Amino acid sequence: MPIASPETATTASPPSPRRVRRVSRADAAVAGLAVALALLVTAGLWPDPHGRAITVNSGDQALFEWLLAYGAQSLQGANPLLTHLLNVPDGVNLAVNTSITVYAVVFAPLTWLVGPPVTFAVILTLNLAATAYAWYWLFSRQLACRPAAAAVAGLFCGFAPQMVSHANAHLNWTAQWLVPLLLWRVLRLRGRRGGIVLGGLVAVAFSIAAEALFFTALAVGVFLAAWALSRSRRAAARAALPAFARGLGWAALTAGVLLAYPLYLHFLGPQTFHGTGFDARIHAEDIAAYGAWPQRSLAGVAGLDSSLAPNPTEENSFFGIPLLLLAVACFGYLWRGADAARRATLRALAVTALVFAVLSWGPSVKVFGHYTHIPLPYAALVHLPVFDAALPSRLALVVTPILGMLLAFALDALLGRERGRRLVTWSAAFAVALLPLVPVPLLTSERPPVPRFITSGDWREYVGPGGVLTPATFTSDLLPDGQRWQAYALARGQGEFALPAGFFLGPGGPDGRGRIGPVPRYLDGVLTYVAQTGAEPVISDVDRARARADLAYWRVEAVVLPDRVSGAKWPVHVEAVRRTATALLGPPERVDDVWLWRIRP
């Protein structure tokens, strides 16, 4: 990347042994602190990973546990990006979902040994710690910041409000350790070798977090354009362009070869769709949210948090007023002492942060929860391919590492220039801005165990190989038990049973857009309604015939209802579901710890 500035300068002479030891100690200290903070955030899962779930997003947790189990199963010959174990008879295109295939394959031995819930907790914890350390490494090694400055900025990036918010079960968005690695390879992009390495890293990032990869590419493009257009950098940009372009070509070729099949499935394969069906106005960042406090932070538990996010997993800004003021002060401090080359970099960072902040506000202005009709630039992008499948509020995630860079550069300069009272004043400003954002543990709660009917393998007596089984509370993002059962069976090598529904993104939404889960039929619709409300409809012979027709369509062989059922957002009325299912399907039999309806052709 053609950025010749003091921030990226490194010393030409080899470091002394004493400095190597000092840096090694700093590396170990940052790594230890990152792991400790990651364990703090995920502490609620560790006493019993199989029996605990993240309270505000247990549906996503079940989905990722299923993806880990299915990905491990794919090593035995299944297609990792297409499956008919969900959404019978149509199946699911996992390439348009967050398949995390690389994680599933790498951690397959752990999944087989201890089960998907433990693997989920391990990856979530490592994601947070690795993100903090990766940013520290980039700041200290590639951007030549002092270890103390790099440590503060790296830990901020790894445990910023956005990271902790997405730690509510998002294994994709917490894998932000990929971003500093991508930036590192772009910084050193020269010719074929660098391009091949970058292309391989792009392929890994696409598997784990395709949306984050898209945002990273956009951010790099905006930054490079703003940097290259600076008068002081135009000559350097023109000189570096040929080698950079060659490297970029090799990166595109390498990534294209590795991702040819996933990209084909993503855009042209079965069960594809255009757009996710999420409302861009709702899932846009509230302008006031940038100065708000996040929920899972010291400020949040002190009662200073707000409800400006669409849900607790999407606090994509929430920096707090003190940090915004500190960022402005750091920018001014750096600008005053900068030469033309450094100012070009600072200007490009500011432009990139401003562009992504404005885009994160979505198609129209929203302030303190009040929607207006004042249009914004995102309105011109919302219907474009790829943009129509992204949530605009998540574009605010690009602002976090830019703030981290400002903090790293400013603290590095302060440690080199200032002494005495001025340094104490700046240190106090950093403390006031950052201490309220220190994370606290995620909220977790107990979840029902996988029924003995599943864990014992007894389900195989009632469902043929590859046959279809369903909970009476049909599997969805709000009722995740079925995918947990399926994940258990896959990880334990019990064999496969298919589900007629599931939690996934697929076609069937309005105007040809996507939707969560399949389009409901009569039986899953009525039982889900009963599970949520407890209201039991009057069942007629027509209803029974419709229920039997749905079961025949899905080829269901057994319907199962345990005594306890997980509800991701509301308590489940299990007894009302049992009575309604009995009215529709006849009396069940008791097998192990579940009620079972055998469905015969």
Among residues of the stretch 283-310, those that are within 18 Å of V358 (Cβ to Cβ), hydrophobic (A, V, I, L, M, F, W, C) and in contact with a Pro (Cβ under 6 Å, 6 or more places away or on another chain), counted: 1
Only one of Y371, Y333 that is modelled with pLDDT under 95, on the phi < 0 side of the Ramachandran plot, out of contact with any strand residue (DSSP E or B) (no Cβ under 6 Å at 6 or more places or on another chain) and of a type in the set (F, W, Y): Y371
Scope the stretch 166-202; condition under 10 Å from the mean Cα position of the chain (by Cα) and either polar (S, T, N, Q) or not in a helix (DSSP H, G or I) (or both); matching residues: A167, N168, A169, H170, L171, N172, W173, T174, A175, Q176
Among (1) over 23 Å from V102 (Cβ atoms); (2) open to solvent by less than 70 Å² (accessible area, probe 1.4 Å); (3) at pLDDT below 90; (4) of a type outside the set (D, E), the one test that F278 misses: (2)
Some residue of the stretch 339-352 being within 25 Å of the chain's Cα centre (by Cα), in contact (Cβ under 8 Å) with a residue 12 or more places away in the chain and part of a helix (DSSP H, G or I): yes
Conditions (1) out of contact with any Lys or Arg (no Cβ under 9 Å at 6 or more places or on another chain); (2) open to solvent by 30 Å² or more (accessible area, probe 1.4 Å); number of the one not met by L391: (2)
The stretch 21-48, residues that are out of contact with any Lys or Arg (no Cβ under 9 Å at 6 or more places or on another chain), open to solvent by less than 20 Å² (accessible area, probe 1.4 Å) and under 24 Å from I100 (Cα atoms): A34, A38, T42
The stretch 443-467, residues that are open to solvent by less than 50 Å² (accessible area, probe 1.4 Å) and charged (D, E, K, R): R447, D458
Qualifying residue in the stretch 474-482 (condition: open to solvent by 40 Å² or more (accessible area, probe 1.4 Å), more than 25 Å from R342 (Cα to Cα) and in contact (Cβ under 8 Å) with a residue 60 or more places away in the chain): yes
Filter result for T528 (hydroxyl-bearing (S, T, Y) and under 35 Å from the mean Cα position of the chain (by Cα)): yes
Members of the stretch 557-599 that are closer than 20 Å to L85 by Cα and either of a type in the set (D, E) or open to solvent by 10 Å² or more (accessible area, probe 1.4 Å) (or both): E557, R598, I599
Hits in the stretch 482-520 (condition: assigned to a loop (DSSP other than H, G, I, E, B), of a type in the set (D, E, K, R) and over 20 Å from E461 (Cβ atoms)): R513
Checklist (1) in contact with a Cys (Cβ under 8 Å, 6 or more places away or on another chain); (2) outside any helix (DSSP H, G or I); (3) of a type in the set (F, W, Y) applied to Y371, failing item: (1)
Some residue of the stretch 316-325 being of a type in the set (S, T, N, Q), touching a helix residue (DSSP H, G or I) at 6+ places or on another chain (Cβ under 6 Å) and open to solvent by less than 10 Å² (accessible area, probe 1.4 Å): yes
Hits in the stretch 425-449 (condition: over 25 Å from G320 (Cβ atoms) and either small (G, A, S) or without any contact (Cβ under 8 Å) to a residue 60 or more places away in the chain (or both)): S445
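The values are calculated or read from the model by the stated rules, or taken from the named source; none is laboratory data. Quick caveat, the model's predicted, so the values are computed rather than measured. Reconstructed Cβ throughout: ideal geometry from the backbone, glycine too, with neighbour counts over all protein chains shown. For the accessible areas, the whole protein counts, side chains as well, though only heavy atoms, and no ligand, DNA or RNA atoms are used. Shrake-Rupley method; radii C 1.70, N 1.55, O 1.52, S 1.80 Å.
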